[in-house]
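The block underneath contains the structure these notes are about, expressed in structure tokens.
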Amino acid sequence: MKSLPTPLADHLASGTTTLAWCWRLTRRDGQVFGFTDHDEHLSFDDTSFEPESGLVPSELRAGDDLSVDAQDAEGVLSSDRITETDIYDGLWDDASVEVWRVNWEDATERLLMRKGTVGQIRRGRAMFVAEVRSMAHLLQQSMGRTFQYGCDAALGDARCGVALGNSTYTGTGAVDALVHGRTFTASGLDAFADGWFSGGTLEWLTGANAGRKVEVMLHSNDADVRLTLQYAPVRDIATGDTFTVQAGCDKTTGPGGCARFENIANFRGFPHIPGNDTILRYARRTGRNQGEPL
């Protein structure tokens with residue numbers, strides 16, 4: 001149960017209230033934004049809360065168990081503070097949120113109602129709806145090792161041990177021509193085998209997307225080198241944009257995984273663990289039950 005500050009408690013007991021909702025959002029890049037459903041600016045804790053911002057909340061949903069409480073905030077994409085480009089660019093992902101109840105006549109009379117993070121964002125043609133999740137969602141994250149067929153290490157991390165900085169695994173190229181939104185031909189990668197960068201990571205060095213990373217879906221090296229990204233960048237790709245791209249790993253012991261990097265000793269999966277279909281298999285004279293599909 002929350003303890004009300006005495007001035008705010010007295011205000012609520014007066015029978016006539018002047019209350020407003022305020023939301024303070026802090027993105028991972030450190031930028032702080034304030035919004036309120038009041039019709040004038042409010043200010044406290046060095047934050048200015050903007051009125052008429054197009055941010056409209058749903059009701060607060062809360063329970064007495066450990067389920068994730070949530071609230072939706074709906075807004076317009078035409079706002080100059082919350083843009084479609086920033087949402088697509090992931091700048092609002094996991095932003096921290098504070099929800100305040102404030103006496104708009106005296107902002108010193110306020111109460112922090114809840115804290116959380118921005119969860120799923122659903123986008124339409126002119127609107128967005130952002131889910132505000134309570135801190136309980138952190139309890140749903142997996143901790144520790146995962147027993148699974150594939151490797152659970154990230155390529156190049158301390159558990160994997162592959163030196164991705166090696167020129168064998170990382171290439172530098174430039175965009176030759178754009179085929180469509182997320183596929184382009186590239187120069188500088190002719191020495192790498194077909195499919196070498198499929199499932200890898202591309203980081204833009206120059207151009208409108210400089211500093212951003214994206215997963216490579218397909219890499220072909222037939223008549224020309226062609227890369228298809230997992231999704232089209234928010235900002236347009238232009239001829240001459242440069243990038244670095246790292247080899248992909250399919251998390252297996254095969255030629256698309258540890259065998260490619262000669263790194264079987266550091267494989268972090270369990271390729272011989274029985275699969276869920278083991279109990280449904282029929283008896284046979286030959287072969288071994290190693291968990292692979294029949």
Quick one: which residue in Ala247, Ala193 is under 30 Å from Gly269 (Cα atoms), exposed (fewer than 13 other Cβ atoms within 10 Å of the Cβ) and aliphatic (A, V, I, L, M)?
-> Ala193
Hey, can you tell me all the residues within the range 16-48 that are in a loop (DSSP other than H, G, I, E, B) and among the small types (Gly, Ala, Ser)?
-> Gly30
Which pairs have Cβ atoms under 6 Å, sit 6 or more apart or on different chains, and link a residue in the range 256-278 that is touching a residue at least 12 places away in the same chain (Cβ under 8 Å) to one that is part of a helix (DSSP H, G or I) and open to solvent by less than 70 Å² (accessible area, probe 1.4 Å)?
-> Phe267/Cys258
Just wondering, is there one or more residues in the range 209-221 that are assigned to a loop (DSSP other than H, G, I, E, B) and surrounded by 15 or more Cβ atoms within 10 Å (Cβ to Cβ)?
-> yes
Among the residues of the range 1-29, count how many are open to solvent by 50 Å² or more (accessible area, probe 1.4 Å) and either in contact with a helix residue (DSSP H, G or I) (Cβ under 8 Å, 6 or more places away or on another chain) or over 21 Å from Pro51 (Cβ atoms) (or both).
-> 16
How many residues does the range 224-248 contain that are more than 26 Å from Asp89 (Cβ to Cβ) and in a loop (DSSP other than H, G, I, E, B)?
-> 1
Go through (1) open to solvent by 30 Å² or more (accessible area, probe 1.4 Å); (2) part of a loop (DSSP other than H, G, I, E, B) and name the single condition Leu178 misses.
-> (2)
When the residues of the range 37-78 are filtered to those that are polar (S, T, N, Q) and modelled with pLDDT of 55 or more, which remaining residue is farthest from the chain's Cα centre (by Cα)?
-> Ser43
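The values are calculated or read from the model by the stated rules, or taken from the named source; none is laboratory data. Please read all numbers here as calculations on a predicted model, not as lab measurements. FYI the Cβ positions are ideal-geometry reconstructions off the backbone, even for glycines, and counts take in every protein chain you see. Protein only, heavy atoms only, side chains kept; ligands, DNA and RNA dropped before computing areas. Shrake-Rupley method; radii C 1.70, N 1.55, O 1.52, S 1.80 Å.
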